[in-house]
Structures are given as structure tokens and as C-alpha cells.
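Here's the structure, in C-alpha cells; my notes come after.
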Amino acid sequence: MKKVVLKAGLSTLLAMNLFFAGDIILPVQGISFAAEAQKAPAETQVIKGKITNISQKAKTIALENKDNSFFILKFSDDTILKGAESATDFDVDEAISVHYTTVNGENLAISLEKAIVKLPDGVTEIKTDELVKQIETNKNLVIIDARPPIVYAEGHLAGAVSIPLSKLAKMGDDGAQLLDKYKDKQLVFYCGGPT
Amino acid sequence: MSPKSAGLAVKWGHKNPRVYVDGIPAWKKSGRHVLPSIEHIEKGNIVLIDLRDVKKVESGYIPRAYTVPMADLEDAEDAFPKSLGAPIYLYSDNDADTKAATDMIKEWGYKKVTGVYGALASWEAAGKSLQKGPALIATDDNPINWQKKLGPGEISIGDFTKSLKSDLIYVVDARTPGEYATGHFPGSVSIPLEEMKTRLNEIPKDKFIVVHCKTGGRGEIGYRILKEEGYAVKFLNAECECAQTGEYEIW
């Protein structure tokens, strides 16, 4: 009896893997993945998500999707790495794209690739040195921390205002009001790095 | 998340919002500081340490700060919390001391150490008052007390220790067989994380499962695997060392 239950559990999980591979919603919008054009072999599937755990010893990665569903996969010395020198370059909270196959219910990574950041139209990037200069000279500057409030509380750029993305996005167009008072200001948004 | 925020700003009519894509990690890497919120210093579940001399501290310090004068820091390691994940915030009236102390405490293995530069001035600027009187000096006999708040799926060290003696609880050691062989918790069963998905039939469904490893990393992944499979499961998010005699230490 128990065996049957377990089998059902595994096949459900496998079915979910197939489901995941189809249309994955990225954990963060505004991020896209390079080398999308590469055609993978027929049995290969693709998943994109954010790393929630990585164990170098067990060569195992746990990924999380936007809907908080999660996905376990293993990698090996044969796994192709893109945008990274070694598997130790992949960190928790990084967005990655994975090609994998499923063997005996286990997901084996064929390639691991770091996500690259694509900015929306009308938005430009600012680097550390220029930001420092702007902070010193631009009286019109408003720095906005887009991370959750608890992370802001633990440590943020001096003078930064906390307006979490979750709050902006949840309010729909009413979110505009949160930014309204900075209409004539130069806005700089930041978060916990390119995740 | 910041590119999306900036995208919304464009949609709502803001001109050329910019994104500091490299964010906090790059900011810290460039040697610059971050500031905690005053509320976090006042009420957060943190360890706050004043590095000034006792005499200076007693003329006014941020309430609940432990005093560890810079000159005594090197010998005070044993007075620090057992958990290397404890969030430690340091301040002084001397930035060089704050920097040196941050480096030393990180060297001891603490992962979340933050120097709060200009803390006393920020505290007063926020309208908060300094506490005068006897300092709360951290020593081996009066160690710094810090308790972790448990996250989802985590079991406390105390409950974990108790669970080792219970028949209702099945402790899974997710480390490698090699690590298991050098010493493990009494009664724990070796199921390495990489084999967990293929060895589910060995894990009883009618018991409460606790997964552990050496640091909590593999334990958490194991917890997620088993939870997905419908197990009642928790994991130990702590570091541990087991001897072949069955003795162990968890911190």
C-alpha cells in the first residue's frame, strides 16, 4: 500500500517537472537569459529560477519559482557552466537558467547559466563610482531601496528611502503615489545585486 | 527587483530613473558602509556592542549594548554568542576601532558583522536618548545572550537534542557516508542528500523526520525534498561536530 502511495508521489513530481519546463515565470521581471537560441536535444528540458540553496558537497541546487514552487537538481563535473568559472561561483539568490534531463526521477543539470540583467526601456544603469560622485554632488538625487523592509532595516545605503518593489507592484497604479513626491528628482533604485 | 521598480517609475512618468544594478554586494565590496535602521538597533533581534572604554560608555551608551572595550576584544571571544550566524552590530567613537573589530570578529567566523559608523550621533539625531550608568560588560562569566528566531521548517537546537532520544522521531543524516563514518548523532540514519530522492522508501511516513548535515545547507534541501513528498519534517539549521564516541557539539 505504502509503495503505491510513494510511486504516485514520484510520478506527480515528474509530471510537475514537465510542467515547470514549459512556461516558467521568472522570479524577477526585467531579467532575461542569454543563449536562448541554442537548441537543446529532444529530451532536455529547461528551467529558470532563483537559487535558494546550493550544496557543493552534494552537488545539489534547489531553485525557487515566482509562485514559490521549488525544484531540486544535481550537477556534476561534466555540467557545462556559462557565466561562471566554477560551480562555487553560483550563490544563493542568483537567478539561473538550467538545461537538464530527468533520469530515474532525478534531475541532472547539463548546463548552468547565470542570468543577465536587462533593463526596461527608459532606464539606465549606474555604477558604484558614479553613484558615489552623484551622492556627493547631486542635491536632486533620491536613492530608493527596492528590497523588503526587513532587509532594508539590517543595512542600507545612507540616506536611502525604503520603497519595496512588493509594495509598489501590489498597489497597481496607486503605487505611483509613493513615487509622486519625487517627480522632479533623479531616482536611483537598487537592491541586493543582479539576482 | 530594482529594474522592475525603475520600469514602474518610467510607466508613471519619471524621467530617466537609474538602477544601481550591482547593488549592496558591490557597495560593500568597494569598502563602503551600510547603515541599519534606528528601529533595528533599538528593537531588532541583534547583538549590539559598544567598543569604547568603560568610563566613556558609562557617560552614555545606546541602551542594551554590551560593552567590550577594544583593548579587551581579543580575549573576549568566549563571551560571544555560540551561533556564528548571530547578527552583530559594532559601534565606537573611533572609526578605526570599529573597522578593526569588524575584521577580527569576522575572522572568528561570525558571518553577519556590521560596523555602525556614526551610531551615537545617528541615535541622538533620531531623538533617542543615551543610557547613563553601569555598563553591561560582556565577559566569560557574563556572556552575550542571543537566541535565534526559528525560520520555516527549522528545529531549535534544544528540541533537536531532545529528539535524538525519542522513538517517534527519525533523524536523517544528509552528509556523505564518509562524513557519517567519522562520527554521527546517536540513532541517526545515513541518507546522503544526493541519494535522498531515490531512497524515499527507507524513510518512514509515520514518524516525524528531522534532517541535519554539518551546517544546515544540505539539511534544508533535504527538508524541502521530504516536505514536497508529504513528510512531517524539520531541519537543523546549525553547525555540528560529531565524534565516533557518540559525543557531539552543536552551535
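Residues of A:114-122, mean number of Cβ from any other protein chain within 10 Å of their own Cβ, rounded to a whole number?
Details: counts 0, 0, 0, 5, 1, 9, 11, 2, 9.
Mean inter-chain Cβ contacts per residue within 10 Å come to 4.
Which number do you get for Rg(Cα) / (2.2 N^0.38 Å) in the stretch B:99-143? Write down the numbers at each step before the final one.
Values: Rg = 13.9 Å, N = 45, 2.2 N^0.38 = 9.3 Å.
The stretch B:99-143 yields a ratio of 1.49.
Taking all protein chains in place and a 1.4 Å probe, what share, in percent, of the accessible surface of the protein assembly as shown do carbon and sulfur account for? Display every interim value, and only then the final one.
Values: 11750 of 22100 Å².
Of all accessible area on the protein assembly as shown, carbon and sulfur atoms account for 53 percent.
With all pairs of different alpha carbon atoms counted, what Kirkwood hydrodynamic radius in Å does the protein assembly as shown show? Present the calculation step by step, with values, prior to reporting the outcome.
On the way: mean 1/r = 0.0407 Å⁻¹.
Value: 24.6 Å, from the Cα pair sum.
Between residue B:244 and residue B:16, what FRET efficiency comes out of the Förster formula 1/(1 + (r/R0)^6) with R0 = 60 Å and r the beta carbon distance, rounded to 0.05? Walk me through the numbers before you get to the answer.
Working: r = 64 Å, r/R0 = 1.07.
After rounding, the FRET efficiency stands at 0.40.
Leaving out ligands, DNA and RNA, calculate the buried accessible area for the pair B and A with a 1.4 Å probe, summed over both sides, in Å² to the nearest 100. The partial results should precede the final answer.
Details: alone 14730 and 13090 Å², together 22100 Å².
Between B and A, the summed buried area is about 5700 Å².
Taking the Cα-to-Cβ direction at residue A:93 and at residue A:118 and moving 7 Å from each Cα, how far apart do the two end points lie in nm?
According to this spin-label approximation, the distance is 2.4 nm.
Using a Gaussian network model on chain B with a 10 Å cutoff between Cα atoms, which of B:90, B:150, B:73 fluctuates the most?
Result for chain B, Cα springs under 10 Å: B:150 fluctuates most.
Rg and Dmax of the stretch A:128-190, Cα atoms, in Å?
Rg then Dmax for the stretch A:128-190, in Å: 12.3, 34.
If you count the DSSP beta bridges with both ends in the protein assembly as shown, what percent of them are antiparallel, to the nearest 5? All intermediate terms of the calculation are to be shown ahead of the outcome.
On the way: 31 of 70 bridges.
Among the beta bridges of the protein assembly as shown, antiparallel pairing accounts for roughly 45 percent.
Sequence-distant or interchain residues sharing an amide H contact under 5 Å with residue B:137, placed H: which?
Those qualifying (amide H under 5 Å, at least 5 residues apart or on another chain) are B:67.
Reachable lysines from residue B:148, Cα under 22 Å, same-chain residues fewer than 8 places away excluded?
B:43, B:82, B:106, B:111, B:112, B:162, B:214, B:234
Any idea how far apart residue A:169 and residue A:43 come out in nm if each label point goes 7 Å out from Cα toward Cβ?
Each label point lies 7 Å from its Cα, and together they span 3.6 nm.
Which order do peptides B:213-219, B:105-111 fall in by mean Cβ count within 10 Å, highest first? Before the final figure, lay out each step's value.
Working: B:213-219: 23.1, B:105-111: 14.0.
Taking the mean over residues of other Cβ atoms within 10 Å, the ranking is B:213-219, B:105-111.
Per the helix-only calculation at 222 nm, which mean residue ellipticity applies to chain B, given -39500 (n - 2.57) for every DSSP H run of n ≥ 4 and division by its residues, nearest 500 deg cm²/dmol? Could you put the intermediate results ahead of the total?
Details: 9 runs with 72 residues, N = 251.
Computed mean residue ellipticity for chain B: -7500 deg cm²/dmol.
Could you tell me the calculated FRET efficiency between residue B:137 and residue B:182, based on Cβ-Cβ distance and R0 = 45 angstrom, to the nearest 0.05?
Details: r = 40 Å, r/R0 = 0.88.
Using R0 = 45 Å, I get an efficiency of 0.70.
Heavy-atom accessible area per residue, chain B, 1.4 Å probe: how many Å²?
Values: 11840 Å² over 251 residues.
I get 47 Å² per residue for chain B.
List the trypsin sites (Lys or Arg not before Pro) in the stretch A:137-195 that DSSP assigns to loop (not H, G, I, E or B) and whose Cβ has at most 13 other Cβ atoms within 10 Å. Which are they?
On the way: sites: A:139, A:167, A:170, A:181, A:183, A:185; in loops: A:139, A:181, A:183, A:185.
For trypsin sites (Lys or Arg not before Pro) across the stretch A:137-195 that sit outside H, G, I, E and B with at most 13 neighbouring Cβ atoms in 10 Å, the list reads A:139, A:181, A:183.
As a test of understanding, state the convex hull volume per residue of chain B from its alpha carbons, in Å³. All intermediate terms of the calculation are to be shown ahead of the outcome.
Values: hull volume 48.1 nm³, N = 251.
Convex hull of Cα atoms, per residue: 192 Å³.
Would you jot down the residues in the stretch B:12-32 that end up with at least 30 Å² less accessible area in the complete protein assembly than in the chain alone, with a 1.4 Å probe?
B:12, B:14, B:16, B:17, B:18, B:19, B:20, B:21, B:22, B:24, B:27, B:32
The values are calculated or read from the model by the stated rules, or taken from the named source; none is laboratory data. On a predicted model such as this, the values are computed, not experimentally measured, just so you know. Every residue, glycine as well, gets a Cβ built from its backbone with ideal geometry; the counts of neighbours run over all protein chains shown. For accessibility, only protein heavy atoms count, side chains too; no ligands or nucleic acids. Shrake-Rupley method; radii C 1.70, N 1.55, O 1.52, S 1.80 Å.
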